[in-house]
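Participant: My questions will all concern the structure given below.
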Amino acid sequence: MSTMTLARAVNASLRSAMMDDPRVLLLGEDIGKLGGVFRVTDGLLDQFGAARVIDTPLAESGIMGTAVGLAYRGYRPVVEIQFDGFVYPAFDQIVCQVAKLYYRTRGAVRMPLTIRIPWGGGIGAAEHHSESPEAYFVHTAGLRVIAASDPREAYVLLRQAIASDDPVVFFEPKRLYHSKGEVDTDLDLADEPPMGLARVVRDGTDVTLVTYGAQVAIALDAAVAAEDEGVSIEVIDLRSISPVDYRTVTASVRKTGRAIVTHEAAREAGVGAEIVASIAERCFEYLEAAPQRVTGHDIPYPPAKLEGHHLPDLDRILAAVDRVMDRPHTLAGAAQ
Amino acid sequence: MLTPAAVPDLALSVDDAARVLTPEGERIPDPTLDPWLGSLDPGLLRALYRDMVLTRRVDAEGFALQRQGQLGLWPPCRGQEAVQIGTTHALAAADMIFPSYRETGVVLARGARPDEFVMAWRGEAHTAYDIQRLRMAPMQVIIGAHALHATGYAMGIQRDGADEIAVAYFGDGATSQGDVSEALVFSASYQAPVVFVCSNNQWAISEPVDVQSRVPLAARAPGFGIPSMRVDGNDVLACYAAMRWARERARRGEGPTFLEAVTYRMGPHTTADDPTRYRDAAEVERWQRRDPITRFETYLRAQGLLDDDAVAEVAAAADTLAAAVRAACVGAQTRPGVEVLDDVYAEPHTGLAEERREYAEYLAGFAETEERA
Ligand SMILES: Cc1ncc(C[n+]2csc(CCOP(=O)(O)OP(=O)(O)O)c2C)c(N)n1
C-alpha cells in the first residue's frame, strides 16, 4: 500500500498490465520520451521499449485506426488521446470500427482496446481542453465507458479495462491527476468488484445522489454539508457509465425516494437524462419527488475564467437537494 | 466557378500505366514488371483466367439476384476483375487483406463458399464470409477507414517478426479521405509491411477522379516517402507482377508500397445507381475495348494455353458456381429475431442482458398467442 497521485496510479496500472501481458501496447502522441503531456506514461518507454510504447504521428484517426489493426493481430492496444477535445478526429474510427467490429463479425474479431482520455474541466485550461464527451460514447453500443474518481479506482479500473475483451473508453479526470490516495499495487484483481458495478461511497436515507468522475468528491462535500442541516444523502459513484449498474441505483432510490444526478457534461441528452429516465421507469411508485439533474449548462465549454459558472458546484447540488426535499433554499450557501 | 479547375491530362491518361499486355492481348516488355513474371507458369495463367471469368459470372449473378428482389444491394465489379484477381494471386495465404465493398474477385480468389458472396448484401449478416479462413477483414463501407487497419495490422506483423504482409484495397475516391493520408503517414513512419491497392476505376459514384486529385494518384505516395506504381488495372499480368514487387519490398523490410491500378467500373456504382446521369456511353464504349478478360483470353489463345474447349469448360464451371450462389441466396434462413441482440460485447453486459431478456419475453408472447389461435 502506498500513497500516490491519480496520475501515478494510472502509470502503475499501465506498467503492471504491460508486465503481465506482452500483447499490451501503448500508442499516443508524446507518450514516449516526454512521458505524455501529463507525464502519465513516464518511464514506460525506458522500461518496455519503442515497440511497446509507440510515439505516433499527430493524427487521432490514425492512432485509433492503427490500434484497430493491431487488435486484429491479437494485440491489446491502450491508446492515449492527449485531451478530451481531441478525440473527435478519431470519433469515426471509434464508433464505426472499434465499437462495431465484434458485432459485424459475430464475435470473430475482438477489439480489446482501451481508450484513455484525460477528461473534464476545472483546471483553467485553454479551449478544447476541458470537454466532457462521455454521452457520445455512451450512446454507442459496443463500447464500455468508465470513469475513475480516485487513485485506487483509477488503478483497478484501468487494469480491468485493459484485461477486458471489449473496447473501453476510459475517462481520467484531469482535475484529479494530482490528488493523492492509497493504492495497493499488489492487490489481487480477482478480489475486486467488476468494472461494470457502481459503488455506494456514502450511505444515506433521504436522497440518492448519483455521479461519477471528479464530481464524486463534490457530491461527498455536498453530503457532508447537507448532513449538518439534517438531510442524509447517499452518494453513488457509477464507475461505469455504460453499462450503468441499475441494481445499485434503483436499490438506493427505492430506499430514499429521491434522486439527483450530477455531472460536468451539458444537460441535453446527457448521461443524467438517461439515468433519470431509467429511474422513472424503474422506481416511479417509490419516488417522493421528481428526480433532478445538476449539470453543466447547454453551452460550449466556456473560457477558463468563467468555468466556475459552468461546472456544477456544491451550492447547485444543495439547491437541488432543497428541491427534492421540497424545502425553501436553506441548504445552498449554508456551506460557506 | 465552383467546379474543380481543369486537371492536367497526365492525371487522367491511361497510357502511361505500366503494362505487359496491350489491349489487343499482345505481350510487350516492361522493365519493372518483367522480372516478376518469371517463366509465366501455365498453371498460374490458367488460374488467373479462370478466376476472372468466375468473378464476372458471380458478379452478374449478384446483379440479377438484386434485380429479382433477392438482394438489397449489389456493388458490381465488372471491368475490375484483373486488378482483383491479379493482385490477390500474388499474395501468400497468410497475408491479411482489408478489402472495400467492391472486392468480389478478392473474396473469390481467397476461396469463399457460394453463400459467402451474397449474405451480406441480402442483409442476413454484416460479414458473410469466414474472416479467419479467408484471412480477410470484413468488407469496409466507411471509405478509407481500413487503410489504417491494414497499417496497424502490418505494425503488428513487424512486432511479431512474421513473414507476412497486410493489404488494403480501396478506390480512387478513398484517396481523398484523411484516413488514407494518415495511413500513408503511419506506414511510412514505421516502414510497415503493407501494400495499398487503389483501384482507380475513374469514378466515385458520380464524381470523376479529377475531382479527387490534380495529379495521378500514384504520384502522391512518393510525397509520403512511399514508392508507388501506376499499373494498367485491366492487365492481369501487370497487376500480378506489381503486387509481387510490392510484396517483396514489404517482406524485405522496405516498408509500404502504393499501387494505383488504372481501371474502369463498367457498370453502375451499385444497383441503386444510374450512371447515365453522369457519364456518356462513348466513355463506356472506349473502355469496353480494354476489357481485361478478352485481352487475357486473346493472349492465352495465342500462347496455345487456351482453346474453345477450355473456354467452354471454364464457362460451365462459372455457371455451376453461379447456380450455387443463387441456391444459397434463395434458400437462406434468417436468424431468429432475438439474435439481433447477440454478439455486441465479448463479455457479459448487464444492460444488454436485461434488454435481451425483455425482448425474448416479448417475442415469446407472440408465440403463445399463435399457439392459442
Ligand atoms: C465515409 C464515407 N462517405 C461516403 C460514403 C458513401 N459512398 C459509398 S461508395 C462511395 C464512392 C467511393 O468511391 P471510390 O473510393 O472511388 O470507390 P469505388 O466505389 O469507385 O470502388 C461513396 C461516396 C461512404 N461509404 N463512406
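Participant: Select from segment A:182-211 the residues that are away from chain B (no Cβ under 14 Å), in a loop (DSSP other than H, G, I, E, B) and out of contact with any helix residue (DSSP H, G or I) (no Cβ under 8 Å at 6 or more places or on another chain) and list them in ascending order. Give the steps one after another, and end with the answer.
Facilitator: Going through segment A:182-211, the residues away from chain B (no Cβ under 14 Å) turn out to be A:182-192, A:199-211.
Still in the running and in a loop (DSSP other than H, G, I, E, B): A:184-188, A:192, A:203-206.
Correct list: A:D186, A:D188, A:D203.
Participant: On to the next question. Taking segment B:324-373 only, how many residues are touching a residue at least 40 places away in the same chain (Cβ under 8 Å), surrounded by fewer than 13 Cβ atoms within 10 Å (Cβ to Cβ) and assigned to a helix (DSSP H, G or I)?
Facilitator: So in segment B:324-373, the residues touching a residue at least 40 places away in the same chain (Cβ under 8 Å) come out as B:324-330, B:332, B:334-335.
Still in the list and also surrounded by fewer than 13 Cβ atoms within 10 Å (Cβ to Cβ): B:327, B:330, B:334-335.
From what's left, assigned to a helix (DSSP H, G or I): B:327, B:330.
Residues meeting the conditions: 2.
Participant: While we're looking at this one, here's another question. Go through segment B:264-323 residue by residue and tally those that are in a helix (DSSP H, G or I) and within 16 Å of the ligand (Cβ to nearest atom). Before the answer, list the steps.
Facilitator: If we filter segment B:264-323 for residues that are in a helix (DSSP H, G or I), which is where we start, we get B:275-277, B:281-288, B:292-302, B:308-323.
Subset that is within 16 Å of the ligand (Cβ to nearest atom): B:275, B:277, B:283-284, B:287, B:292.
Number of matching residues: 6.
Participant: A follow-up question, please. Among the residues in segment A:192-205, are any open to solvent by less than 10 Å² (accessible area, probe 1.4 Å) and closer than 25 Å to A:T256 by Cβ?
Facilitator: Taking segment A:192-205 and keeping what is open to solvent by less than 10 Å² (accessible area, probe 1.4 Å), we get A:204.
From the residues that got through so far, the ones that are closer than 25 Å to A:T256 by Cβ too are A:204.
Within segment A:192-205, one or more residues are open to solvent by less than 10 Å² (accessible area, probe 1.4 Å) and closer than 25 Å to A:T256 by Cβ.
Participant: Which number in (1) on the phi > 0 side of the Ramachandran plot; (2) within 14 Å of chain A (Cβ to nearest Cβ); (3) of a type outside the set (S, T, Y) marks the one condition that B:G69 misses?
Facilitator: The one condition B:G69 does not meet is (2).
Participant: Determine which single condition A:I115 fails, assuming it passes every other condition in (1) under 24 Å from A:F48 (Cβ atoms); (2) facing another protein chain (nearest Cβ under 10 Å).
Facilitator: (2)
Per-residue answers, yes or no, for (1) within 11 Å of another protein chain (Cβ to nearest Cβ); (2) out of contact with any Pro (no Cβ under 6 Å at 6 or more places or on another chain); (3) closer than 21 Å to B:G255 by Cα:
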residue: B:E116; (1), (2), (3): no, yes, no
residue: B:G123; (1), (2), (3): no, yes, no
residue: B:A128; (1), (2), (3): yes, yes, no
residue: B:R133; (1), (2), (3): yes, yes, no
residue: B:I142; (1), (2), (3): yes, yes, no
residue: B:A145; (1), (2), (3): yes, yes, yes
residue: B:L148; (1), (2), (3): yes, yes, yes
residue: B:A154; (1), (2), (3): yes, no, yes
residue: B:A162; (1), (2), (3): yes, yes, yes
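Participant: Exactly one of (1) loosely packed, with under 14 Cβ neighbours inside 10 Å; (2) more than 24 Å from A:T140 (Cβ to Cβ); (3) modelled with pLDDT of 95 or more is unmet by A:A289. Its number?
Facilitator: Against the list (1) loosely packed, with under 14 Cβ neighbours inside 10 Å; (2) more than 24 Å from A:T140 (Cβ to Cβ); (3) modelled with pLDDT of 95 or more, A:A289 comes up short only on (1).
Participant: Within segment A:219-277, which strands (runs of 3 or more DSSP E) (wholly inside it) include 2 or more residues that are free of Cβ contacts under 8 Å to residues at least 40 places away in the same chain?
Facilitator: Values: elements: A:233-237, A:240-242, A:259-266.
Qualifying strands (runs of 3 or more DSSP E): A:233-237.
Participant: So, in segment B:49-91, of the ones that are among the basic types (K, R) and in a helix (DSSP H, G or I), which residue ends up least open to solvent (accessible area, probe 1.4 Å)? Give the derivation first.
Facilitator: Going through segment B:49-91, the residues among the basic types (K, R) turn out to be B:50, B:56-57, B:67, B:78.
Next, from what is left, pick out any that are in a helix (DSSP H, G or I): B:50, B:56-57, B:67.
On the way: B:R50: 85, B:R56: 40, B:R57: 69, B:R67: 135 Å².
Result: B:R56.
Participant: Select from segment A:147-171 the residues that are among the aliphatic types (A, V, I, L, M) and in contact with a helix residue (DSSP H, G or I) (Cβ under 6 Å, 6 or more places away or on another chain) and list them in ascending order.
Facilitator: Taking segment A:147-171 as the starting set, the residues that turn out to be among the aliphatic types (A, V, I, L, M) are A:147-148, A:154, A:156-158, A:161-163, A:168-169.
Across segment A:147-171, the qualifying residues are A:A148, A:A154, A:L158, A:I162, A:V168, A:V169.
Participant: Look at B:G253 and say whether it is in contact (Cβ under 8 Å) with a residue 24 or more places away in the chain, farther than 19 Å from B:D172 by Cα and out of contact with any Leu (no Cβ under 6 Å at 6 or more places or on another chain).
Facilitator: Values: in contact (Cβ under 8 Å) with a residue 24 or more places away in the chain: yes; farther than 19 Å from B:D172 by Cα: yes; out of contact with any Leu (no Cβ under 6 Å at 6 or more places or on another chain): yes.
Yes, satisfied.
Participant: Next up: B:P138 versus (1) free of Cβ contacts under 8 Å to residues at least 24 places away in the same chain; (2) more than 16 Å from the ligand (Cβ to nearest atom); (3) in a loop (DSSP other than H, G, I, E, B): which is the lone unmet condition?
Facilitator: In the conditions (1) free of Cβ contacts under 8 Å to residues at least 24 places away in the same chain; (2) more than 16 Å from the ligand (Cβ to nearest atom); (3) in a loop (DSSP other than H, G, I, E, B), B:P138 misses (2) alone.
Every residue, every condition in (1) more than 25 Å from B:L71 (Cβ to Cβ); (2) more than 9 Å from chain A (Cβ to nearest Cβ), yes or no:
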| position | (1), (2) |
| --- | --- |
| B:T334 | no, yes |
| B:V338 | no, yes |
| B:E347 | yes, no |
| B:T350 | yes, no |
| B:E354 | yes, no |
| B:R357 | yes, yes |
| B:Y362 | yes, yes |
| B:A367 | yes, yes |
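Participant: Name, by its number, the condition in (1) open to solvent by less than 40 Å² (accessible area, probe 1.4 Å); (2) of a type in the set (D, E); (3) more than 16 Å from the ligand (Cβ to nearest atom); (4) under 17 Å from the mean Cα position of the chain (by Cα) that does not hold for B:D130.
Facilitator: (1)
Participant: Also: Run B:D115 past the list (1) touching a residue at least 60 places away in the same chain (Cβ under 8 Å); (2) within 16 Å of the ligand (Cβ to nearest atom) and report the number of the one that doesn't hold.
Facilitator: (2)
Participant: List the helices (runs of 4 or more DSSP H) inside segment B:141-256, counting only whole elements, that have at least 1 residues being open to solvent by 50 Å² or more (accessible area, probe 1.4 Å) and within 16 Å of the ligand (Cβ to nearest atom).
Facilitator: Values: elements: B:145-160, B:178-190, B:209-212, B:236-251.
Once the helices (runs of 4 or more DSSP H) in segment B:141-256 are filtered for at least 1 residues that are open to solvent by 50 Å² or more (accessible area, probe 1.4 Å) and within 16 Å of the ligand (Cβ to nearest atom), what remains is B:209-212.
Participant: Separate question: Would you please name the residue that is surrounded by the most Cβ atoms within 10 Å (Cβ to Cβ), looking only at residues in segment A:158-181 that are more than 14 Å from chain B (Cβ to nearest Cβ) and assigned to a loop (DSSP other than H, G, I, E, B)?
Facilitator: Restricting attention to segment A:158-181, the residues satisfying the condition of being more than 14 Å from chain B (Cβ to nearest Cβ) are A:158-159, A:170-181.
Okay, now just the ones that are also assigned to a loop (DSSP other than H, G, I, E, B), so A:177-179.
Details: A:Y177: 20, A:H178: 12, A:S179: 15.
Applying the filter and picking the extreme gives A:Y177.
Participant: Now for a separate question. So which residues in segment A:211-235 are β-branched (V, I, T) and over 18 Å from A:E172 (Cα atoms), if there are any at all? Talk me through it step by step, then tell me what you get.
Facilitator: Applying the first criterion (β-branched (V, I, T)) to segment A:211-235 yields A:211, A:216, A:218, A:224, A:231, A:233, A:235.
Listed by number, the residues that qualify are A:V224, A:V231, A:I233, A:V235.
Participant: Is it the case that B:V195 is closer than 18 Å to B:D16 by Cβ and either touching a helix residue (DSSP H, G or I) at 6+ places or on another chain (Cβ under 6 Å) or not assigned by TED's automatic domain parsing to the domain that holds B:G105 (or both)?
Facilitator: Values: closer than 18 Å to B:D16 by Cβ: no; either touching a helix residue (DSSP H, G or I) at 6+ places or on another chain (Cβ under 6 Å) or not assigned by TED's automatic domain parsing to the domain that holds B:G105 (or both): yes.
For B:V195, the condition - closer than 18 Å to B:D16 by Cβ and either touching a helix residue (DSSP H, G or I) at 6+ places or on another chain (Cβ under 6 Å) or not assigned by TED's automatic domain parsing to the domain that holds B:G105 (or both) - is not met.
Participant: Touching a residue at least 40 places away in the same chain (Cβ under 8 Å) and open to solvent by less than 10 Å² (accessible area, probe 1.4 Å): is that true of A:Y155 in this structure? Please lay out each step first, then the result.
Facilitator: Values: touching a residue at least 40 places away in the same chain (Cβ under 8 Å): yes; open to solvent by less than 10 Å² (accessible area, probe 1.4 Å): yes.
The answer is yes for A:Y155.
Participant: Looking only at residues that are of a type in the set (G, A, S) and within 14 Å of chain B (Cβ to nearest Cβ) in segment A:136-152, which one is surrounded by the most Cβ atoms within 10 Å (Cβ to Cβ)?
Facilitator: So the first thing to find is which residues in segment A:136-152 are of a type in the set (G, A, S), and the list is A:141-142, A:147-149.
From the residues that got through so far, the ones that are within 14 Å of chain B (Cβ to nearest Cβ) too are A:141-142.
Values: A:A141: 17, A:G142: 25.
Here the answer is A:G142.
Participant: Okay, next question. When residues of segment B:92-104 are filtered for being assigned to a loop (DSSP other than H, G, I, E, B), of a type outside the set (D, E) and more than 16 Å from the ligand (Cβ to nearest atom), how many remain? It would help to see each step written out before you state the result.
Facilitator: Kept after step one, since they are assigned to a loop (DSSP other than H, G, I, E, B), are these residues of segment B:92-104: B:92-95, B:99, B:101-103.
Applying the additional criterion that residues be of a type outside the set (D, E) yields B:92-94, B:99, B:101-102.
Then drop every residue that is not more than 16 Å from the ligand (Cβ to nearest atom), which leaves B:92-94.
So the count comes out to 3.
The values are calculated or read from the model by the stated rules, or taken from the named source; none is laboratory data. Treat the numbers as computed from the prediction; the structure is a model and nothing was measured. Note that we place each Cβ from the backbone using ideal geometry, even for glycine, and neighbour counts take in every protein chain shown. What goes into the accessible areas is simple: the full protein's heavy atoms, side chains included, and nothing from ligands, DNA or RNA. Shrake-Rupley method; radii C 1.70, N 1.55, O 1.52, S 1.80 Å.
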